[in-house]
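What follows is calculated from the coordinates using simple rules that are stated; it is not laboratory data. The structure displayed is predicted, hence computed values, not measured ones. Positions of Cβ are generated from backbone atoms using ideal geometry, with glycine treated the same way; all protein chains shown enter the neighbour counts.
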Amino acid sequence: MVRSVEDRQMPPSHADLPTETQRLQLLDALQTLLDHPDPRFLVTDPGSKSIHRLNRTEYNRTVQDLLGVTLSPADAFPADGGGGGGFDNNADTLYVPPILMERYLGAAEDLLAAATEDRLFPIQPAWHRTERETARRNLLEFTRKAFRRPAKGADLTRLMGLYDRTRRDGADPKTALKAAYKAVLVSPRFLFRIEQERDQGTPWRIDSYELASRLSYFLWSSMPDEALLESARNQSLLGDAELERQVRRLRSDPKARIFADQFTSQWLGTKTLHTTTHPDRRKFPQFSDALRDAMVAEPVEFVWSLIQDNASALRLLDADYTFANAELGRLYGLTHITSTELVRVRLPDRNRGGITGMAAVLTQTSYPLRTSPVLRGKWILEEVLGTPPPPPPPLVATLPPDDTVKEGLTFRQRLEEHRNKPQCASCHARLDPIGFALENFDAIGAWRESVDGKPVDAKGVLTNGESVEGPIQLKNALMARRDLFLRHLTEKLMAYALGRGLEFHDIPSVKEVLRKAASEDHHLTTLILEITRSYPFQWRRRESASAPTPMPASGS
C-alpha cells in the first residue's frame, strides 16, 4: 500500500483524487504504522533454512580451496535454477537430480587424482604412531575442513571402517585413505551446508561453525579458511567485535571478488549476455565476443571498486567513473583507452555513470534489432526501485522487431499508439517514460543522436507529473527516490546472504540495516557488515515452526 500510494498508483487516475497534502498525510500514516508497529501484533521470525546444496560456483571454489586444485568439475553439472530473490544460491531450488550424484562420484575421482600429496597427507607417519593412527589424524584434519566443522564420532567411525576394509583388500595406506576421502567428497556433510535442527518451537541462534559457513559462502562462495574456523572453534566469532573483524577481513580478501561477480551479474541480469541476449551482429557489427565480455565485466569491476574504496552504494546510481578497456572504450567514445584489461576511467559527463548507463544493462534490456523503452522501464522499476509493474494482459499486441520509420511513424509514435489502448495504458504510463529517457543509448549501449534519420526523442513524464529528458534527468529522478533504491538493494543483498527469498517478517531487519548504514552514507561495505549482524543472518527456527517471539537486542 505504501509503495502504491508513494508511486501514485493508488487511487487510480480516473478516480476522485485526494489533494497532494492528503496523499502525503496518508503516506506518512501508513509508513508510521510500518515503522512503529504495535509490539503485541509483531511476529519476529528469523525464518527457516532448508538444507543448502552447494551450487556449481560454491562446489568449484570449495574443492579448489580444500584440495588446492584448479579443476572446475561443477561446470559439467546440471545448471542451477534461480529462486526467491533471483539468485542461484537459493536453497529451496537447489535440487539433487539423479544425474548429479553420478557427476559427484566422477568429480571426486578426478579431484583426488589431481590433488597434491601435501593437501591429502599433511600429517606424516612418526615413530610413536601406528600407520592407522596417522591415517586417522589425516582423516580428522580432512573432514574438519570438508565438513566445515569437526566430524562427529559416528562419521569418523564409518570412514575409518572404509579405510580398514580397503587395507584388508590389499590397498596401500595412501590408496585406502583416498577411498575414505572419496566418501567424504560425496557425503551430504560436504555437499550440503547442513545446520543443526533443534526440537524447540522458538528460534535459536546458530552456532559458531554455522555462522562461519554463512559468512564464507556469502562473501567467498567457498568454505571457511583456517582463521575463520579457528574463530569458530574458540567461539569468539559469536562476539560482535570478532564478527566485524572477520567480515572486514573476508571482504578485503581478493577471494571476495566472487561476491562482486555472483551478486552483481545476477542482480542486474547481465549474465544473460552469455546465454540468451544476442544483438543482431549485422546491424551492430561492432558487437563482438570481446566486447560482450567487457560489457559483462564492467558492473562487476564497479561493485568491486565500491568494496575496495569503502564507497557509498549510491554510486551505483550516479558516478563520475566506470571501468572499460579499449573495446568498450570505443563503444563509449573513450578512444584514449588502449588497455586490453578493464581500467578505471573518468567519464566526461553524467550520461554514462552508474548502472543505468552501462552497456551490459542497456543491451540486455533491448531486442536484437532495437531498443525497448518498455523493457528498460520495467528493469528500472524491478531491479533499481523494487516496484515491479503487474504482468502484461494476455494476448496483448506485439510491437515491430525494429525501429525503422514505417507508414510515416517512428517507433516511438507506434509505441504511443499501442499505449493508448485501455488495457495497456496503466502499465505503460509507468514503464515508457523511464525507458524513453534512455533512448539516446542504442540497443548495445552506444550513444546516438538520431534514429532512422529522426532526432532521438528522450522525453517522458513520470507518474508523479515530473518531466524527464535524457539519462541525466532520469538519474536525478532516481536519486530523488534513493530510499526505494537503497531498500531494494538491501533486500537483494540479504536474500543473497541468506540463500532464500525474503518474507514479510524480514522487513524489520532490512529497515534496521538501512538505519544503521545511514550514518555512514550507506557504504556498500557497511550494508554487508550490518546484514551479517542481522537477526535473520544469525538466528533461525525449525522449518515447520513460526511463533511470535521477542526480537533480541542489537548485537545479542
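Remarks
- Exceedance of the 28 Å cut-off in Cα-Cα distance is limited, within the set 49/511; 454/492; 283/459; 271/459; 174/255, to 454/492; 271/459; 174/255.
- Rounded to the nearest whole Hz, the Karplus-based 3J(HN,Hα) values (6.51 cos²θ - 1.76 cosθ + 1.60, θ = phi - 60°) of segment 22-29 follow the sequence 5, 4, 5, 5, 4, 4, 5, 5, with x at glycine and proline.
- Averaging the Cα positions of each part gives two centres, and for segment 129-178 and segment 1-38 these lie 64 Å apart.
- Spacing of the modelled spin labels on residue 242 and residue 375, each 7 Å from Cα toward Cβ, amounts to 5.0 nm.
- Potential extension, residue 252-residue 542 segment - 0.36 nm per residue separation minus Cα distance: 101.0 nm
- Volume per residue of the convex hull around the Cα atoms, evaluated for segment 171-264, comes out as 158 Å³.
- Spin-label pair residue 38-residue 152: with each label point 7 Å from Cα along the Cα-Cβ axis, the two points sit 4.5 nm from one another.
- Helix 240-252 vs. the chain, principal-axis angle (Cα, 0 to 90°, nearest 10): 70 degrees
- Cβ-Cβ FRET estimate between residue 102 and residue 196, R0 fixed at 41 Å, reported to 0.05: 0.90
- Cα-based shape type of the chain, given that a ≥ b ≥ c are square roots of the gyration tensor eigenvalues and the cut on a/c is 1.5: prolate
- Fully extending the segment from residue 282 to residue 464 would add 61.5 nm, taking 0.36 nm per residue of separation and subtracting the current Cα-Cα distance.
- Computed from the C-beta positions of residue 515 and residue 169 and an R0 of 51 Å, the FRET efficiency is 0.20 to the nearest 0.05.
- Placing R0 at 22 angstrom, the Cβ-Cβ distance between residue 76 and residue 274 gives a FRET efficiency of 0.85 after rounding to 0.05.
- Inter-label distance for residue 119 and residue 14, nm, one decimal - labels placed 7 Å from Cα along Cα-to-Cβ: 6.6 nm
- Segment 40-72 versus segment 78-122: alpha-carbon centroid distance in Å: 11 Å
- HN-Hα J in Hz across segment 514-524 - Karplus 6.51, -1.76, 1.60, θ = phi - 60°, x for Gly and Pro: 5, 4, 6, 7, 4, 5, 10, 6, 6, 4, 4
- Viscosity 1.306 mPa s, 10 °C: Kirkwood-radius Stokes-Einstein D of segment 457-506 over Cα pairs, µm²/s: 123 µm²/s
- Close amide H partners of residue 343, meaning residues 5 or more places away or on another chain with modelled amide H under 5 Å apart, are 324, 325.
- Karplus 3J(HN,Hα) series, Hz, for segment 326-337 with 6.51 cos²θ - 1.76 cosθ + 1.60 (x for Gly, Pro): 4, 5, 5, x, 4, 4, 8, x, 9, 6, 7, 7
- Shape annotation for segment 52-193: C-alpha extents along the principal axes are 55, 28, 25 Å, from largest to smallest.
- Here the chain is treated with +1 on each Lys and Arg Cβ and -1 on each Asp and Glu Cβ, and its dipole about the Cα centre works out to around 1180 debye.
- This model, with +1 at the C-beta of Lys and Arg and -1 at the C-beta of Asp and Glu, gives segment 204-252 a dipole about its Cα centre of some 160 debye.
- Alpha-carbon centroids, segment 301-325 and segment 183-260: separation in whole Å: 27 Å
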